[in-house]
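Everything on this sheet refers to the single structure shown next.
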Amino acid sequence: MSSTVSGRVGGGVNKEPVAVVGIGQTKHVAARKDVSIAGLVREAARRALEDAQLTWADIDAVVIGKAPDFFEGVMMPELYLADALGAVGKPMLRVHTAGSVGGSTALVATNLVASRVHRTVLTLAFEKQSESNAMWGLSLPIPFTQPLLAGAGGFFAPHVRAYMRRTGAPDHVGSLVAYKDRRNALKNPYAHLHEHGITLEKVQSSPMLWDPVRYSETCPSSDGACAMILTDRAGAARSPQPPAWMHGGAMRSEPTMFAGKDFVSPKAGKDCAADVYRQAGIGDPRREIDAVEMYVPFSWYEPMWLENLGFAAEGEGWKLTESGVTELDGDLPVNMSGGVLSTNPIGASGMIRFAEAALQVRGQAGEHQVDGARKVLGHAYGGGSQFFSMWLVGAHPPTS
Amino acid sequence: MREVAIVAFAQSDHLRTTDELSEVDMVMPVLHQVLAQTGLRTSDIGFTCSGSSDYLAGRAFSFTMTLDGVGAWPPISESHVEMDGAWAMYEAWVKLLTGEVDTALVYSYGKSSPGSVRDVLTRQLDPYYVAPLWPDSVALAALQAQALIDAGETDETALAGIAARSRESASANCHAQVKGSVPQGDYEVQPLRKGDCPPVSDGAVAVILAAGDKARELCERPAWIRGMDHRIEAHSLGVRDLTDSPSSRLAAERAGAFERPVDTAELHAPFTSQEVVLRKALKLGDDVAVNPSGGALAANPVMAAGLLRIGEAAARIHRGESDRALAHATSGPCLQQNLVAVLEGDAR
C-alpha cells in the first residue's frame, strides 16, 4: 500500500460486503442514431435491472459517470437524465475522472453500499460520441498550455516508444495484442468492432498513425452505455443469478506532467494496484488472479500495464504477451471481451472493464468466458496516465 | 454511523473578474489556508475530492490541471464530481463512513467571468427539446418567481426585502462580493430585478473532514455531520410545481433536519424567490438565522456556492455562533436537485 495515504485506518469500522447482481450493456456501435442519450442509458439500465430481476422501485440511488461534457455538448447531463434513469425522488451523483471515470463511478457507488448509506444502487456510465466530435472536444485552446496536437494517440505514442527502448521489446508485440483483442471481440455480442476477416498480417499492414501505433492498434469511437446493480449481503442473497463480490477497489491520481513522472509505468498505477491487492489479500497477482479486463486503448499498453499492475517484472511484460499467456485460452487472459481496442464509448470504457470482470466471476461471459475464473481484476485509467481506478471481484464473498 | 465532522473551512474573495488568475492560481491559496488551519499536509490526507464544471472553464478535463494545485505527488487517493462541491463533500463523507480513511480534503471552484454564465447554464437543459431555445437561468428563475407571486406566496416587495437583508448580512463577510445597501435596480426578467439575482462571481472554497477523535484533535469545536442527503426531481419544468421543493424537504428529512430545530440555515438560493421556496420546504421559522453570510445573493461562484454554504454553516459552529445548523446546496434549473447537511457542535 502507498505510504502516502496515511489517513487510512486499519480497522474498527466493519464495511458491508458489496455484490454485483445486475449487469447491462448496449450493443456498442459507431453511431446509435435510433436513440437519444436518454434512450441509450435507459437501455443499459433496464438490461441491468432485468439481469438482477429488480425494478426501478428497488433502486435507492443512482451514480452516473461519463467523460467530458463537451463530448456530447450537454453540461451536467445527469440533470436531464434523471427521469430516464428512474432517479426522480432519489439521490443522483455524477462522477467525472477523465478516462478512468467508468471505474471511479462504480467505486463511488460501491462505497454507498459499503458504508450502509444505501442498500441497492444503480451505477451507469455512457458516451454517445456520435452526438458531437471528441477530437474537437479535446482540442479547445488553453492559454499557456501545449495543445494535444494529434489527439490521444499523439500523446501516448512517445511513451510506447520509450517502453520499447527501455525493455527491448520487439516491434510485433503491439500487433499481437490488437490481433488477440479483435479476435476476442468476435465472441462478445456487445463489442463494437467485429472484424471477421482479421489476420495478424492485416493488423501489421494497417497504416501507421502515430509511430509506432498503427491504425488497427487503436481504439474506435463508440456510442454505448454500461450499467451495474450493486447491493448488500441481503440483496445478494435474493439475487437470482450468482453475484460477483467486490474484494478490493481503489483510485489513485498523480499529475499528468512533471519532471519526475514515469510515463511508462506511473507510480499512481502501481500504488492503486497495491492497495487493491492489500484489500483483497492478494500476495502474488500473477498466480492468484485468473484474468484481467485492462484499459488498453492502444495495443502496446497491454505489456506496459502488465508490468505496472505487478503481473510481470519490469521489462518482462511483453514476454507474457508474446508467449500467448494473455490469450483467451492462456494462463492469464487479458481483455476477454475484446477490450477498449474493440469498444470505446470513452466514459463507459472503464465501467465495461469492471462489469466484464464481474461477468467472468459470475460465469456469465458467454463465448468469451474463462473457465474457472474466480478472481478477476477490472482496470481503468485516464488523463495522461494521471487517474487510475481498479477493482478486484470474486466468485465468493470476501472472508474478512 | 461513524462520527464525521468538518474541521476546517477556507474560501477565496469572490470577485466579478479574475482575468489574472488561472483556476490553479485561484484554488492554491485556499488549499494552503485550509490545510494550515489543521496543520495537515497533502500527504496526510486520506481522500481528496473536488467539484467543478468543464463548461465554465471552456475546456474538457479542466479539473486535471487544478489537481496540480493540490500537490498530487506522491500519488493521492482522489476523485471528482462534475457538480457543485457540496456533492464532492457528500462523496468524501461516504468514503469516511466506510472507515477506509480518517480525513478528507474537499474543494471546488468556479470562474464564471470568462463567458456569459446565463448562456452557459442553458447547456444544462434537455439537449433536444429545450436547450436549442436557449432559455437562460434568469428567465427560468423568473418563471418560478412569477408562479410564487401568482400563488400568493410572496410579492416583489418581500423579494426586495430578502435581497436587502442578504446584502446587509454580507457586510460582515470579508469575502463577499456584493454587500451593504444595494439598489434593487431594473427588471432583469420580470418579476425579477437586478437585486433579486446573484452576482456573477469567480471563487474557490475548501473544507477538511475528519472522523471521530481525529476531528477532536484537529479542531476545538468540530462541526459534526449528523446527516446528509440529496435528491433530484424531474428535469422538465412542466411537470414540477415550481412553488415547492419536495426534493429539499425529502433530503432534509433523511438528513434528520426535522428531528430538532436548527438555529442557522445557509441556503443556496441564487434568486430571492428561491429562498421563499426553500424556507417553506425546509420548515424554517423566523427565529432561524438564514444566510448570515449573505448567501448566494452576495457571492455566487457557480460550482462552489453550495459547498460555501456548508463551509459557512460549519464555521459558525466552529466559532460557537451556532449549535445546530442546516446547510443546503442546489443544482439544475429552478432548484431541480438539492442537498441538505445537518451540522452540530458539541453541547456546551
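The values are calculated or read from the model by the stated rules, or taken from the named source; none is laboratory data. What you are looking at is a predicted structure, and each value in this text was computed from that prediction instead of being measured. We place every Cβ from the backbone using ideal geometry, glycine too, and count neighbours over all the protein chains shown.
Okay, here's what the table says:
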quantity	calculated
Residue check for residue B:273: modelled with pLDDT of 95 or more, polar (S, T, N, Q) and in a loop (DSSP other than H, G, I, E, B)	no
Selected residue [within 7 Å of chain A (Cβ to nearest Cβ) and either touching a strand residue (DSSP E or B) at 6+ places or on another chain (Cβ under 8 Å) or charged (D, E, K, R) (or both)] from B:59, B:41, B:118	B:59
Checklist (1) over 19 Å from the mean Cα position of the chain (by Cα); (2) part of a helix (DSSP H, G or I) applied to residue B:234, failing item	(2)
Some residue of region A:308-319 being of a type in the set (Phe, Trp, Tyr), part of a loop (DSSP other than H, G, I, E, B) and either in contact with a strand residue (DSSP E or B) (Cβ under 8 Å, 6 or more places away or on another chain) or within 25 Å of residue A:167 (Cβ to Cβ) (or both)	yes
Elements of type helices (runs of 4 or more DSSP H) in region B:21-134, at least 1 residues being free of Cβ contacts under 8 Å to residues at least 12 places away in the same chain	B:23-38, B:62-66, B:85-97
So residue B:214, is it assigned to a helix (DSSP H, G or I) and not polar (S, T, N, Q)	yes
Only listed residue being among the charged types (D, E, K, R), more than 30 Å from residue B:55 (Cα to Cα) and out of contact with any Phe, Trp or Tyr (no Cβ under 6 Å at 6 or more places or on another chain), chosen from B:233, B:253	B:253
Residue within region A:83-90 that is part of a helix (DSSP H, G or I) and either within 15 Å of residue B:87 (Cβ to Cβ) or touching a Gly at 6+ places or on another chain (Cβ under 6 Å) (or both) present	no
Output for region A:224-257, where each listed residue is more than 14 Å from chain B (Cβ to nearest Cβ), in a strand (DSSP E or B) and out of contact with any Pro (no Cβ under 6 Å at 6 or more places or on another chain)	A:225, A:226, A:227, A:228, A:229, A:231, A:244
Residue selected from region B:71-95 under the condition of a type in the set (A, V, I, L, M, F, W, C) and more than 7 Å from chain A (Cβ to nearest Cβ), by the criterion nearest to the chain's Cα centre (by Cα)	B:86
Members of region B:121-132 that are in contact with a Ser or Thr (Cβ under 9 Å, 6 or more places away or on another chain) and either away from chain A (no Cβ under 14 Å) or not aliphatic (A, V, I, L, M) (or both)	B:122, B:124, B:126, B:127, B:128, B:129
Any chance residue A:117 is more than 21 Å from the chain's Cα centre (by Cα), among the β-branched types (Val, Ile, Thr) and within 12 Å of chain B (Cβ to nearest Cβ)	yes
Qualifying residue in region B:224-231 (condition: assigned to a loop (DSSP other than H, G, I, E, B), touching a residue at least 60 places away in the same chain (Cβ under 8 Å), closer than 21 Å to residue A:91 by Cβ and within 12 Å of chain A (Cβ to nearest Cβ))	no
Residues satisfying the stated conditions in region A:187-198, i.e. under 17 Å from residue A:327 (Cα atoms) and more than 26 Å from the chain's Cα centre (by Cα)	none
Verdict on residue A:122 being within 14 Å of chain B (Cβ to nearest Cβ) and in a strand (DSSP E or B)	yes
Residue match in region B:12-19 (condition: buried (at least 24 other Cβ atoms within 10 Å of the Cβ) and out of contact with any His (no Cβ under 8 Å at 6 or more places or on another chain))	no
Among (1) aliphatic (A, V, I, L, M); (2) within 14 Å of chain A (Cβ to nearest Cβ); (3) surrounded by fewer than 24 Cβ atoms within 10 Å (Cβ to Cβ), the one test that residue B:290 misses	(2)
Looking only at region A:385-400, and only at residues there that are touching a Pro at 6+ places or on another chain (Cβ under 9 Å) and within 14 Å of chain B (Cβ to nearest Cβ), the one that is nearest to residue A:252 (Cα to Cα)	A:388
Scan of region A:213-230 for residues that are out of contact with any His (no Cβ under 8 Å at 6 or more places or on another chain) and among the charged types (D, E, K, R), ordered by number	A:214, A:217
Near pairs, Cβ below 6 angstrom, 6+ apart or cross-chain, from region A:52-77 (facing chain B (nearest Cβ under 8 Å) and touching a residue at least 60 places away in the same chain (Cβ under 8 Å)) to any residue that is surrounded by fewer than 23 Cβ atoms within 10 Å (Cβ to Cβ) and not small (Gly, Ala, Ser)	A:68/B:54; A:72/A:131
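Rundown of residues vs (1) over 27 Å from residue B:211 (Cβ atoms); (2) surrounded by 22 or more Cβ atoms within 10 Å (Cβ to Cβ); (3) within 16 Å of the chain's Cα centre (by Cα), yes/no style:
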{"site": "B:230", "(1), (2), (3)": "no, yes, yes"}
{"site": "B:240", "(1), (2), (3)": "yes, no, no"}
{"site": "B:245", "(1), (2), (3)": "yes, yes, no"}
{"site": "B:271", "(1), (2), (3)": "yes, yes, yes"}
{"site": "B:275", "(1), (2), (3)": "yes, yes, yes"}
